[in-house]
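Heads up: the structure comes next, in structure tokens.
Rule-based calculations on the coordinates, nothing more; no lab input. Computed from a predicted model, the values in this text were never measured in an experiment. Here the Cβ positions follow ideal geometry from the backbone for every residue, glycine too, while neighbour counts run over all protein chains shown.
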Amino acid sequence: MTRVAIFGGSFNPPHLGHQALCLMLLETCPVDEVWLVPTFRHYFGKALAGFEDRVALCEQLIAPLGKRARISRVESELPNPQGRMLDTLQALSSAHPAHAFRLVIGADILLETDRWHAWNEIVKLAPPIVFQRHGYDGGDLPAPPDVSSTQIRERLARGESAVPLIPRSVQEVIGARGLYRS
């Protein structure tokens with residue numbers, strides 16, 4: 001049975017904190033692979049760059065991790081994509097019955113589980129792996145570098161480079177696609 005860490009998020013844009021967390025998951029947790037699952041539509045209505053743009057950025061982000069990391073487009077394939085993790089996990093479990101899933105979450109999420117649809121079902125389908133977040137207690141893994149997509153978007157909107165907060169390859173795709181400009 002393949003053990004997979006499901007790392008969902010906006011990835012708007014993905015950054016070195018995400019990349020570092022993927023490496024920590026692969027090197028320290030009992031998982032064989034990590035799958036990044038970009039949100040198709042943010043459940044709480046957050047404005048996002050286009051789905052395919054974010055997928056392309058995530059592909060650049062995980063390229064150094066080799067075959068143990070991949071992108072799942074599952075949220076774009078759901079019949080009624082609402083951004084609910086339960087729907088995502090049920091679709092993944094159905095499509096990959098020989099896989100055991102674990103959901104990657106930050107310690108900050110532990111304070112918000114009452115806002116998640118069917119949190120108890122999510123935990124049954126994919127027991128969480130919790131990473132520390134700056135300013136929050138708890139976590140199985142140390143906090144990745146303290147980088148935020150918001151600060152990256154602000155830099156990019158000013159016409160600045162976001163390197164070293166994002167890999168150069170991600171910066172190149174952002175520039176080529178004209179993303180995050182003011």
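Worth a mention:
- Taking every alpha-carbon pair under 8 Å whose residues sit at least 6 apart, the stretch 2-144 reaches a relative contact order of 25 percent.
- Helix 85-95 axis, angle to the chain major axis (alpha carbon atoms, nearest 10°): 70 degrees
- Restricting the stretch 116-168 to trypsin sites (Lys or Arg not before Pro) that sit in a DSSP loop and have at most 15 other Cβ atoms within 10 Å of their own Cβ leaves R158.
- Annotation for the stretch 44-98: trypsin sites (Lys or Arg not before Pro) lying in DSSP loop with at most 15 further Cβ atoms inside 10 Å of their Cβ are K46, R73.
- CD proxy at 222 nm, helix term only [per DSSP H run n ≥ 4: -39500 (n - 2.57); per residue of the chain; nearest 500]: -10500 deg cm²/dmol
- Sites H99 and N120, calculated FRET efficiency, Cβ-Cβ separation with R0 25 Å, nearest 0.05: 0.75
- Cβ-Cβ FRET estimate between L111 and Q151, R0 fixed at 25 Å, reported to 0.05: 0.65
- Neighbour count of at most 14 Cβ within 10 Å plus DSSP loop: longest GluC sites (Glu not before Pro)-free window in the chain: 1-111
- To the nearest ten degrees, helix 51-62 and the longest principal axis of the Cα atoms of the chain are 90 degrees apart.
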